[in-house]
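The values are calculated or read from the model by the stated rules, or taken from the named source; none is laboratory data. What you see is a predicted model, and the numbers here were worked out from it, not measured in a lab. All Cβ positions, even for glycine, are placed from backbone atoms using ideal geometry, and neighbour counts span all protein chains on display.
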Amino acid sequence: MSSVPPISDVKGSAAATPLLDVQEVYAGYIKDLDILQGVNFQVYPGELVAVIGPNGAGKSTLAKAIFGLLTPRQGTITFKGENIGGLKSNHIVQRGMCYVPQLSNVFPSLSIEENLEMGAFILHSSLRSLKEKIYTMFPRLKERRQQKAGTLSGGERQMLAMGRALMLEPELLVLDEPSAALSPMLVTTVLDQIKAVNESGVAIMLVEQNAKKALAMADRGYVLESGCDRFEGPGQELLDDPKVGELYLGAMTS
């Protein structure tokens, strides 16, 4: 499968230029032990790109390397035409990318509203219109805006975590396993919300364990295996590919 989709198939007006471009990246947590083994990965403006693969394939490691939580040993990571490999996360946020980790993604002792305000920590203007925009996107949060985040359900926490990240109106949102440990009903709710966020114009990198659901909603997908990008293509094509199905989808959550 081609690593670069046809221009006519890519969202956004600047289709020929990736918003995010990862080239031959090697990275790991221990010296001389790379989890990522030359990964190539792109997100184009307005796309929803799913990253799937077996446990230990390097999915979350890729997300952390992109967001500056892990420094690549080799390769380049370019965002909006700028090499961001090695930059700290706070500098990457200022450039228009936000990241929602799988765990510890809200401040449990703060209210929903206070969490949203913390998400806009680098802004010095009124946050009222931004909060209202998030409340429109996630009505359940508005209903409970004074409730402590620590009392929310798993699905509500994920909505709050996404809402907090969206307070900075990023061009790219990186989501790491947003449906982990959720009930099937909540998984559907959270993924529907992610699709709605993408349809509002935000590009999304979705690292997801629910491979079938992720590929079904994605513009494009990548299958990682042993730190390498094994397959890449339109989400539905990967979903229908018998090789991908046999190797990766049969044992994954549907």
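Structure above, values below:
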| item | result |
| --- | --- |
| Residue match in segment 9-16 (condition: surrounded by fewer than 21 Cβ atoms within 10 Å (Cβ to Cβ), modelled with pLDDT of 95 or more and either under 19 Å from the mean Cα position of the chain (by Cα) or aliphatic (A, V, I, L, M) (or both)) | no |
| Sole exception among (1) under 20 Å from Ala63 (Cβ atoms); (2) touching a helix residue (DSSP H, G or I) at 6+ places or on another chain (Cβ under 8 Å); (3) buried (at least 19 other Cβ atoms within 10 Å of the Cβ) for Ala161, by number | (2) |
| Matching residues in segment 70-96 - criterion: being of a type in the set (A, V, I, L, M) and free of Cβ contacts under 8 Å to residues at least 24 places away in the same chain | Ile84, Leu87 |
| Qualifying residue in segment 174-190 (condition: within 19 Å of Leu116 (Cβ to Cβ) and at pLDDT 95 or above) | yes |
| Candidates Ala251, Ala149 - the one that is over 19 Å from the mean Cα position of the chain (by Cα) and either at pLDDT below 95 or acidic (Asp, Glu) (or both) | Ala251 |
| Subset of segment 92-144 (residues that are surrounded by 16 or more Cβ atoms within 10 Å (Cβ to Cβ), assigned to a loop (DSSP other than H, G, I, E, B) and among the charged types (D, E, K, R)) | Arg144 |
| Single match in Glu113, Glu82 (criterion: modelled with pLDDT of 95 or more, of a type in the set (Asp, Glu) and over 20 Å from Leu19 (Cβ atoms)) | Glu113 |
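Results for (1) touching a strand residue (DSSP E or B) at 6+ places or on another chain (Cβ under 8 Å); (2) not hydrophobic (A, V, I, L, M, F, W, C), shown as yes or no for each residue.
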{"position": "Arg157", "(1), (2)": "no, yes"}
{"position": "Ile204", "(1), (2)": "yes, no"}
{"position": "Val207", "(1), (2)": "yes, no"}
{"position": "Gly233", "(1), (2)": "yes, yes"}
